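Asker: Questions regarding the structure given below will be posed in turn.
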Amino acid sequence: MRNPADLYELTSDAARVPEGLHLVAGLTGFADAGGAVSQFNEYLLDSLDHTLIATFDADVLLDFRARRPVVYFDQDHLGSYQASTLELHLASDEVGQQFLFLVGFEPDFRWEQFTAAVMELVERFRVSSISWVNSIPMPVPHTRPIGVTVSGSRSDLVETMSVWRPQTQVPANALHLLEYRLQGGSLSTAGFVLLIPHYLADTEYPSAALSALESTSAATGLIFPTDRLREQNRDFTARIDEQVQENPELARLVGTLEARYDAYMEGSALRSPLTDEDGELPSADEIAAELEKFLMIRRNRDDGPPS
């Protein structure tokens, strides 16, 4: 394997990173249902003080043809180029507690070298714990709290927070590999996979970001400002609830999800919480189609007849 240190470059501020901090990670590019990770990253970078500590080499780690950077075309010239980044920041939470924040794209290439590089940085800064967030779509209702599947060495978090503990094969992401390589060591690790309503997977669902922040707080004790997100979530949920209340078919579909979710949480479901007695549930496409039909009717009604 190539030298892990070749993948990143430290800034001069790396010398002032104190030992024993938590490392929080959010990498985009895999799943990210409800925009949980992208919102989580953006919210923390926008809300907290932070200083760049290290940058990773995007030219080596990223497949630019699969995830193309963005350029801004200004009439007759290119005004800007928005490159994808993978960075390590030193950040401070709402009460001044410092932590390390690994944020940016999930590498497409050299996972083993990238994992070794992160472990090298963990050792360099004597990191005390690692926690990371991810999200996947699930047939669960938006009217219930977002569930979490927890992995890692924190048995206390698994016992108190993990609502679904499957035994299954899943597509891995780069942070899975990092957690796997750290198994059996003394470092505290916690991975949170948020279970997002499948019919909201393609939206920026504020509740998903809130769940990511709350899960990270549970693992680290860090305190994050959430007032703006909570207000956005109230508005978002109110619009969805209005659509459900005014559309009987949509209400029936969501009600089916609620019944199975409640049965599972009460411990009476022997199957997965995600299927009905016949092994079927309304699909995301069915619910999304009902939402779209409702929105179209509302738009036509609001526009009124043509003059």
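Asker: What pairs can you find where one residue is in the range 207-228 and at positive phi and assigned by TED's automatic domain parsing to the domain that holds Thr160, the other is surrounded by fewer than 20 Cβ atoms within 10 Å (Cβ to Cβ) and outside any helix (DSSP H, G or I), and their Cβ atoms are less than 9 Å apart, with a gap of 6+ or different chains?
Answerer: Taking only residues 6 or more apart or on different chains, the pairs are Gly221/Gln97.
Asker: Going residue by residue through the range 37-54, is there one that turns out to be over 19 Å from Ala212 (Cβ atoms) and buried (at least 22 other Cβ atoms within 10 Å of the Cβ)?
Answerer: yes
Asker: Restricting to strands (runs of 3 or more DSSP E) lying wholly in the range 9-108: which have 1 or more residues that are within 29 Å of Pro225 (Cα to Cα)?
Answerer: Numbers: elements: 22-28, 50-56, 70-74, 77-82, 86-92, 98-105.
Filter on the range 9-108 gives 22-28, 50-56, 77-82, 86-92, 98-105.
Asker: I need the full set of residues from the range 109-129 which are more than 15 Å from Arg16 (Cα to Cα) and assigned to a loop (DSSP other than H, G, I, E, B), in order please.
Answerer: Phe109, Arg110, Ser128
Asker: A further question follows. Can you tell me which of Leu78, Leu121, Leu62 is over 17 Å from Thr216 (Cβ atoms), surrounded by fewer than 17 Cβ atoms within 10 Å (Cβ to Cβ), outside the structural domain of Glu266 (by TED's automatic domain parsing) and aliphatic (A, V, I, L, M)? Give the derivation first.
Answerer: Values: Leu121 fails: surrounded by fewer than 17 Cβ atoms within 10 Å (Cβ to Cβ); Leu62 fails: surrounded by fewer than 17 Cβ atoms within 10 Å (Cβ to Cβ).
Among Leu78, Leu121, Leu62, only Leu78 is over 17 Å from Thr216 (Cβ atoms), surrounded by fewer than 17 Cβ atoms within 10 Å (Cβ to Cβ), outside the structural domain of Glu266 (by TED's automatic domain parsing) and aliphatic (A, V, I, L, M).
Asker: List every residue pair whose Cβ atoms lie under 6 Å apart, where the two residues are 6 or more positions apart in sequence or sit on different chains, the first residue falls within the range 119-142 and is within 30 Å of Asp262 (Cα to Cα), and the second residue, located anywhere, is surrounded by fewer than 18 Cβ atoms within 10 Å (Cβ to Cβ).
Answerer: Pro141/Glu258
Asker: Given the criteria over 21 Å from Asn134 (Cβ atoms), among the basic types (Lys, Arg) and outside any helix (DSSP H, G or I), does Arg2 qualify? I'd like the intermediate steps shown before the answer.
Answerer: On the way: over 21 Å from Asn134 (Cβ atoms): yes; among the basic types (Lys, Arg): yes; outside any helix (DSSP H, G or I): yes.
Yes; evaluated as a whole, the condition is true for this residue.
Asker: Can you name the residue in the range 167-181 that is touching a residue at least 24 places away in the same chain (Cβ under 8 Å) and over 11 Å from Trp132 (Cβ atoms) and, of all such residues, is surrounded by the fewest Cβ atoms within 10 Å (Cβ to Cβ)?
Answerer: Pro171
Asker: Give the range 128-153 a look and list any residue that's among the polar types (S, T, N, Q), touching a Gly at 6+ places or on another chain (Cβ under 8 Å) and within 16 Å of Ser215 (Cα to Cα), or say none. Even if it seems obvious, please write down each step before you answer.
Answerer: Step one: of the range 128-153, the residues among the polar types (S, T, N, Q) are 128-129, 131, 134-135, 143, 149, 151, 153.
If we keep only those that are touching a Gly at 6+ places or on another chain (Cβ under 8 Å) too, we end up with 128, 131, 134-135, 151.
Within the range 128-153, Ser131, Asn134, Ser135, Ser151 meet the criteria.
Asker: Hey, can you tell me all the residues within the range 183-225 that are of a type in the set (Val, Ile, Thr), more than 23 Å from Asp235 (Cβ to Cβ) and out of contact with any strand residue (DSSP E or B) (no Cβ under 7 Å at 6 or more places or on another chain)? Reasoning before the result, please.
Answerer: First pass over the range 183-225, keeping only residues of a type in the set (Val, Ile, Thr): 189, 193, 196, 203, 216, 220, 223.
Next cut, more than 23 Å from Asp235 (Cβ to Cβ) only: 189, 193, 216, 220, 223.
Within the range 183-225, just Ile223 meets the criteria.
Asker: Okay, moving on. With Val163, Val193 as the choices, which residue is crowded, with 16+ Cβ neighbours inside 10 Å, at pLDDT below 95 and within 30 Å of Asp241 (Cα to Cα)? Explain how you work it out, then say what you get.
Answerer: Numbers: Val193 fails: at pLDDT below 95.
Selected residue: Val163, the only one of Val163, Val193 that is crowded, with 16+ Cβ neighbours inside 10 Å, at pLDDT below 95 and within 30 Å of Asp241 (Cα to Cα).
Asker: Hey, among the residues in the range 191-215 that are in a strand (DSSP E or B) and out of contact with any Phe, Trp or Tyr (no Cβ under 8 Å at 6 or more places or on another chain), which one's farthest from Leu121 (Cα to Cα)?
Answerer: Narrowing the range 191-215 to residues in a strand (DSSP E or B): 191-197.
Then keep just the ones that are out of contact with any Phe, Trp or Tyr (no Cβ under 8 Å at 6 or more places or on another chain); that gives 193-194.
On the way: Val193: 24, Leu194: 27 Å.
Filtering first and then ranking leaves Leu194.
The values are calculated or read from the model by the stated rules, or taken from the named source; none is laboratory data. A quick note: this is a predicted structure, and the numbers were derived from the prediction, not measured. Don't worry about glycine lacking a Cβ; one is built from the backbone with ideal geometry, like all the others, and counts go over all protein chains shown.
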